[in-house]
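**Student:** Dumping the structure here so I can ask a few things about it.
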Amino acid sequence: MPALVLVADADPFNLRLLQESCEAAGYRVVTAADHDQALSVVARASPDLILLETESDAVDGFDVLRVLKADENLRAIPVLLATPDHDLDARSRGIELGAEDYVTTPYRVFELQHRIRTALRRADAGPGPTLTVPPEYFDPVTQTGTSTQLQLSLDYEFTRAERYGHPLTCVIVRIDNLAALRGAPASDGVDDAMSVLAAGLRQCIRAVDYLFRARPDAFCALLPETDAAGAKVVLKRVRGQMDDGSLWEGRLDPAPSLRLGAASSPAQGVDSGEALLRAATAAAGG
């Protein structure tokens, strides 16, 4: 059975996004909006992992953590604390009180899912998402998210960007000569090319960025907190590695012919994650 995760956050917006992100990773989720409710859920539901925010008096993640670690029946439950991105004092305080790890706010889906998976693995509390994540969210060939996961992450990141006033960039990379790669068996042709390209593209983006196989012949990179100027830097990096063949380490013959496109928000006419994706796709030639 998938691990049960308790997420506690006083902000309804954050609580919903945390729940959806954990469920998308294959976990069961229970929620709490304040300190007392969090402790009540712990007693009633026996979660395998707890995620607590620390920025509101309503939840007071530090106090909940103290209560949990003082109870010999509860102290083994791994706890993740959500702390502001640059608040090292809160982070250190949480670790000293017994938190297993931390996640930074504003939340990033991939960081959140990675830290939950790691904490559960350490505690051996339940199966990780590699065993439970629905196949429609993960492409095993390229080890990237699927188009379904792209839509979920795109909606999340666009909403977060609008709420906090941050830019967001979408980059599309298309293989223009896919037919030339179909001459070999799929395991050695198209799939191999996409796998090699995925590895190369990861080297062109940051660890906090997202990479998806948006279509059989296309990747989408989602770059939080990246504006149009930052998008140009990424495109220049990809083009440079295309020109010298290092993007695929010289392993593909024929060499892929790639089309690149990017779009950033805020921008006129880009009023949703779907609109951002359409603009980037159009910039890459459709």
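The values are calculated or read from the model by the stated rules, or taken from the named source; none is laboratory data. Quick caveat: nothing in here was measured; it's all calculated off a predicted structure. Glycine gets a Cβ as well: all are built from the backbone with ideal geometry, and neighbour counts include every protein chain shown.
**Student:** Please state which of the following conditions LEU235 fails to meet, knowing it meets all the rest: (1) over 19 Å from the mean Cα position of the chain (by Cα); (2) at pLDDT 95 or above; (3) of a type in the set (A, V, I, L, M, F, W, C); (4) crowded, with 21+ Cβ neighbours inside 10 Å.
**Tutor:** (4)
**Student:** So, one more: Out of curiosity, is ALA275 farther than 30 Å from THR105 by Cβ and either outside the structural domain of THR146 (by TED's automatic domain parsing) or not acidic (Asp, Glu) (or both)?
**Tutor:** Against the criterion (farther than 30 Å from THR105 by Cβ and either outside the structural domain of THR146 (by TED's automatic domain parsing) or not acidic (Asp, Glu) (or both)), ALA275 does not qualify.
**Student:** Could I ask something else about it? State whether one or more residues within the range 53-63 are farther than 25 Å from PHE110 by Cα and part of a helix (DSSP H, G or I). Write out each step before concluding.
**Tutor:** Restricting attention to the range 53-63, the residues satisfying the condition of being farther than 25 Å from PHE110 by Cα are 57-58, 63.
Filter once more, keeping what is part of a helix (DSSP H, G or I): 63.
Yes, that holds for at least one residue.
**Student:** Between a residue in the range 165-194 that is farther than 14 Å from ARG215 by Cβ and modelled with pLDDT under 85 and any residue that is small (Gly, Ala, Ser) and surrounded by 18 or more Cβ atoms within 10 Å (Cβ to Cβ), which pairs come within a Cβ distance under 8 Å, given they are 6 or more apart or on different chains?
**Tutor:** LEU181/ALA193
**Student:** Can you name every residue in the range 229-286 that is touching a residue at least 24 places away in the same chain (Cβ under 8 Å), of a type in the set (S, T, N, Q) and more than 14 Å from ARG174 (Cα to Cα)?
**Tutor:** GLN241, SER246, SER264, SER265, SER272
**Student:** Applying the selection to the range 123-164, what residues are modelled with pLDDT of 85 or more and over 15 Å from the mean Cα position of the chain (by Cα)?
**Tutor:** PRO140, VAL141, THR142, GLU162
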